[in-house]
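**Q** Attaching a single structure in structure tokens format; questions to follow.
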Amino acid sequence: MTPSATTTTQAARLSVAPMMDWTDRHCRFFHRQLTRRTLLYTEMVTAPALVRGGAAHLLAFDAAEHPVAVQLGGSEPAELAEAARMAEAAGYAEVNLNIGCPSDRVKSGCFGAVLMKSPALVAECLSAMREAVAVPVTAKCRIGVDEQEPQEVLPQFLEMVQQTGVSRVTVHARKAWLQGLSPKENREVPPLDYPLVHEMKQAFAGLHLSINGGISRLDEAQAHLDAGMDGVMIGRSAYHDPGMLLQADAQIFHEAPSGRSRRDAVDAMRPYIDAHLIAGGKLAQVTRHMLGLFQGRPGARAWRRILSEDSHREGAGLEVLDRALSALPEASLAA
């Protein structure tokens with residue numbers, strides 16, 4: 001059953017960012033074994049691929065991933081509206097428009113971060129999407145692109161978004177330089193401006209604003225929440241050290257500690273992996289997302305090595321997972 005808009009908004013207190021080539025359905029299912037409450041996002045799915053390319057399979061997911069949102073990329077209002085309808089029909093709890101990705105693939109398609117230069121078009125896109133679906137439509141943007149002055153552009157942009165009726169926005173607290181920086185550099189080189197995003201929350205009290213960019217620990221996320229932000233989105237740190245998500249429900253959502261361990265999360269993946277293998281899938285398609293589970297703990301290197309080397313072998317199955325677990329001391333498994 002698709003979560004309600006209220007449940008999805010509550011889940012947005014903490015979210016795992018949409019990450020190309022990383023947050024696929026196997027990654028999300030794994031992350032859901034670690035946190036029940038955190039909002040999860042798909043990789044960006046382009047509207048042209050869905051509407052014109054016959055790629056509806058990109059929307060496939062397991063209902064156990066909920067609450068989960070789909071991120072769409074595109075710049076044609078009618079096409080985005082149709083893609084949003086497809087996502088809603090597939091059961092997603094939220095449809096998010098990408099206005100922040102600086103990759104070459106995005107620039108060539110005239111969507112992503114470059115759209116911050118075309119606010120009127122963004123308004124058309126968001127309005128069309130909202131008219132097409134009943135689930136929440138949200139946006140993810142940067143504080144500006146290229147020579148834009150964030151102090152001037154961001155409030156104007158958020159005002160426009162608010163006028164479309166969209167009430168939830170995630171702001172990556174860096175500019176994007178569409179010329180001269182690679183996508184990786186755009187995640188690291190432009191300086192972070194957290195104070196500006198916090199100012200936007202004060203200026204737009206009616207918007208649910210999440211902050212993203214450079215946040216690597218739950219205590220950092222809590223600090224932003226304590227400072228007034230409605231939500232925090234964590235990206236690569238949650239992927240490379242997914243074990244942090246075991247504490248998210250207690251630390252960020254203030255629930256009673258679950259008592260679940262990393263070993264419990266691995267065991268919970270067994271039926272999923274078994275079904276994936278029976279369906280013809282490969283072990284490495286799932287376990288590549290689990291490599292960082294024991295990050296910083298004794299035995300972590302052996303865990304990564306065994307999964308990395310042996311999951312790709314022909315016929316690899318759950319015995320590889322068992323062998324990797326056996327390389328870990330009990331103290332790492334229990335935590």
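**Q** So if each residue of separation counts as 0.36 nm, and I subtract the Cα-Cα distance between A5 and A203, what length gain in nm does that give? Write down the numbers at each step before the final one.
**A** Details: separation 198, 0.36 × 198 = 71.28 nm, distance 2.38 nm.
Here the answer is 68.9 nm.
**Q** May I ask you to order 255-261, 305-311, 87-93 by the average number of other C-beta atoms within 10 Å around their residues, highest value first? Can you show the working numbers first?
**A** Details: 255-261: 11.9, 305-311: 17.3, 87-93: 20.9.
Per-residue Cβ counts within 10 Å, averaged per peptide and sorted highest first, yield 87-93, 305-311, 255-261.
**Q** Still on this model: Provide the per residue accessible area, probe 1.4 Å, for the chain, rounded to a whole number of square angstrom. Walk me through the numbers on the way to the answer.
**A** Details: 13680 Å² over 335 residues.
With the other protein chains kept in place, the chain gives 41 Å² per residue.
**Q** Of all the accessible heavy-atom surface of the chain, with the other protein chains kept in place and a 1.4 Å probe, what percent is carbon and sulfur? Intermediate values should be presented prior to the final figure.
**A** On the way: 6990 of 13680 Å².
Here it works out to 51 percent.
**Q** Reported to two decimal places, what Rg/Rh ratio describes segment 215-287 when computed on Cα atoms with Rh from the Kirkwood expression? The partial results should precede the final answer.
**A** Numbers: Rg = 15.6 Å, Rh = 14.3 Å.
Here the Rg-to-Rh quotient is 1.09.
**Q** A follow-up question, please. For D219, D24, write out the residues from largest to smallest accessible area, computed with a 1.4 angstrom probe and no ligands counted.
**A** Values: D219 80, D24 30 Å².
Reading off the accessible areas and sorting them downward yields D219, D24.
**Q** Divide, for segment 148-269, the radius of gyration over alpha carbons by 2.2 N^0.38 Å, where N is the residue count.
**A** Numbers: Rg = 16.7 Å, N = 122, 2.2 N^0.38 = 13.7 Å.
Rounded to two decimals, the normalised Rg is 1.22.
**Q** Another question about this same structure. To the nearest 0.05, what FRET efficiency results for E131 and H312 with a Förster distance of 30 Å applied to their C-beta separation? Please report the intermediate quantities before stating the final value.
**A** On the way: r = 46 Å, r/R0 = 1.53.
Computed FRET efficiency for E131 and H312 comes out at 0.05.
**Q** I've got another one for you. At 222 nm, what value in deg cm²/dmol follows for the chain if DSSP H runs of at least 4 each add -39500 (n - 2.57) and the sum is divided by all its residues, to the nearest 500? Before the final figure, lay out the partial values.
**A** Details: 17 runs with 146 residues, N = 335.
That comes out to -12000 deg cm²/dmol.
**Q** Return the distance in nm (one decimal) between the two label points of a simple spin-label model at Q295 and C110, each offset 7 Å from Cα along Cα→Cβ.
**A** 3.8 nm
**Q** Still on this model: What do you get for Rg/Rh of segment 1-152 when both radii come from the Cα atoms and Rh is the Kirkwood radius? List each step's numbers first, then the result.
**A** Working: Rg = 14.8 Å, Rh = 15.5 Å.
Here Rg/Rh amounts to 0.95.
**Q** Just to be sure I understand, if you calculate Cα extents along the principal axes in Å for this structure, which of [x] 62, 45, 39; [y] 56, 44, 41; [z] 66, 50, 47 do you get?
**A** [y]
**Q** Sum up the lysine pairs in the chain that clear both bars: alpha-carbon distance under 26 Å and a spacing of 8 or more or different chains.
**A** For the chain, the number of qualifying lysine pairs is 13.
**Q** Then there's this: Which order do T9, T23 take when ranked by solvent-accessible area (1.4 Å probe, heavy atoms of all protein chains), largest first? Working shown, then result.
**A** On the way: T9 50, T23 0 Å².
Solvent-accessible surface, decreasing: T9, T23.
**Q** If you don't mind, there's one more thing I want to ask. Where does the Debye-calculated log10 I(q)/I(0) of segment 196-335 sit at q = 0.14, 0.15, 0.18 Å⁻¹, using only Cα point scatterers of equal weight, no solvent?
**A** Computed log10 I(q)/I(0) values: -0.75, -0.81, -1.01.
**Q** When the chain is fully extended, how far beyond the present Cα-Cα distance does Q156 get from S258, taking 0.36 nm per residue of separation? Present the calculation step by step, with values, prior to reporting the outcome.
**A** Values: separation 102, 0.36 × 102 = 36.72 nm, distance 4.25 nm.
The Q156-S258 span can extend by a further 32.5 nm.
The values are calculated or read from the model by the stated rules, or taken from the named source; none is laboratory data. These numbers come from a predicted model, not from an experiment. Neighbour counts are summed over all protein chains in view; Cβ atoms, including those assigned to glycine, are modelled from backbone coordinates with ideal geometry. Just the protein is used for accessible areas: all its heavy atoms, side chains included, with ligands, DNA and RNA removed. Shrake-Rupley method; radii C 1.70, N 1.55, O 1.52, S 1.80 Å.
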